[in-house]
Amino acid sequence: QVQLAESGGGLVQAGGSLRLSCAASGRTRSRYTMAWFRQAPGKAREFVALISWSGASTGYADSVKGRFTISKDNAKNTVHLQMNSLKPEDAAVYYCAAEGRYTTEQTMYGYWGQGTQVTVSS
């Protein structure tokens, strides 16, 4: 079992930045891919970014490429999502997830955090 806890959400003006964090606890010795997904009101949850266990591989949704950066600190069992140049359409609940395989498919992810709200004012 892996427990995930997100933090860092909040209210920011368009063009601003936020840094989300996801702390993992429990069975953290296993090699998990970590990912961020988001869900806006009335919309389906969507993939945002992922990073391999080693950190050598990363991937991003087209909508966030060049603006968001995912990183991890294995020593602290923490994953970060640096979000720059935020747009109103980035507003959503952001979820951290863990999975053994390197995949953007959310149905494959077995461990999820509770989510953190990101609000972007125009």
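The values are calculated or read from the model by the stated rules, or taken from the named source; none is laboratory data. Since the structure is predicted, the reported quantities are computational estimates derived from the model, not experimental observations. We place every Cβ from the backbone using ideal geometry, glycine too, and count neighbours over all the protein chains shown. Quick note on the areas: whole protein, heavy atoms, side chains included, nothing else; ligands and nucleic acids left out. Shrake-Rupley method; radii C 1.70, N 1.55, O 1.52, S 1.80 Å.
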Query raised in the report: Looking at (1) open to solvent by 60 Å² or more (accessible area, probe 1.4 Å); (2) assigned to a loop (DSSP other than H, G, I, E, B); (3) not hydrophobic (A, V, I, L, M, F, W, C), which is the only condition residue 69 fails?
Result: (2)
Report summary line: Checked pairs for segment 99-113, first over 15 Å from residue 49 (Cα atoms) and aromatic (Phe, Trp, Tyr), second open to solvent by 70 Å² or more (accessible area, probe 1.4 Å) and assigned to a strand (DSSP E or B), C-beta under 8 Å and 6 or more apart or across chains, list as 111/3
Report summary line: Considering residues that are over 14 Å from residue 31 (Cα atoms) and open to solvent by 50 Å² or more (accessible area, probe 1.4 Å), the number found within segment 48-66 is 6
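Going by the conditions given, is residue 11 touching a Leu at 6+ places or on another chain (Cβ under 7 Å) and hydrophobic (A, V, I, L, M, F, W, C)? Steps first, answer last, please.
Details: touching a Leu at 6+ places or on another chain (Cβ under 7 Å): no; hydrophobic (A, V, I, L, M, F, W, C): yes.
For residue 11, the condition - touching a Leu at 6+ places or on another chain (Cβ under 7 Å) and hydrophobic (A, V, I, L, M, F, W, C) - is not met.
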Requested in this report: Could you please give the count of residues in segment 10-42 that are at negative phi and assigned to a loop (DSSP other than H, G, I, E, B)?
Outcome: 11
Report summary line: Pairing a residue in segment 49-78 that is closer than 13 Å to residue 32 by Cα with any residue that is basic (Lys, Arg), where Cβ atoms lie under 6 Å and the two sit 6 or more apart in sequence or on different chains, gives 51/72; 53/31; 55/72
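Give me the residue from segment 87-122 that is among the polar types (S, T, N, Q) and either open to solvent by 70 Å² or more (accessible area, probe 1.4 Å) or touching a Pro at 6+ places or on another chain (Cβ under 7 Å) (or both) and, out of that set, modelled with the lowest pLDDT. Give the derivation first.
Of the residues in segment 87-122, the ones among the polar types (S, T, N, Q) are 103-104, 106-107, 114, 116-117, 119, 121-122.
Filter once more, keeping what is either open to solvent by 70 Å² or more (accessible area, probe 1.4 Å) or touching a Pro at 6+ places or on another chain (Cβ under 7 Å) (or both): 104, 107, 114, 117, 122.
On the way: 104: 97, 107: 96, 114: 97, 117: 98, 122: 90.
Among residues in segment 87-122 that are among the polar types (S, T, N, Q) and either open to solvent by 70 Å² or more (accessible area, probe 1.4 Å) or touching a Pro at 6+ places or on another chain (Cβ under 7 Å) (or both), the one modelled with the lowest pLDDT is 122.
Out of 24, 35, 14, 5, which single residue is touching a Lys or Arg at 6+ places or on another chain (Cβ under 8 Å) and either touching a residue at least 12 places away in the same chain (Cβ under 8 Å) or buried (at least 17 other Cβ atoms within 10 Å of the Cβ) (or both)? Lay out the reasoning, then the answer.
Working: 24 fails: touching a Lys or Arg at 6+ places or on another chain (Cβ under 8 Å); 35 fails: touching a Lys or Arg at 6+ places or on another chain (Cβ under 8 Å); 5 fails: touching a Lys or Arg at 6+ places or on another chain (Cβ under 8 Å).
Exactly one of 24, 35, 14, 5 is touching a Lys or Arg at 6+ places or on another chain (Cβ under 8 Å) and either touching a residue at least 12 places away in the same chain (Cβ under 8 Å) or buried (at least 17 other Cβ atoms within 10 Å of the Cβ) (or both), namely 14.
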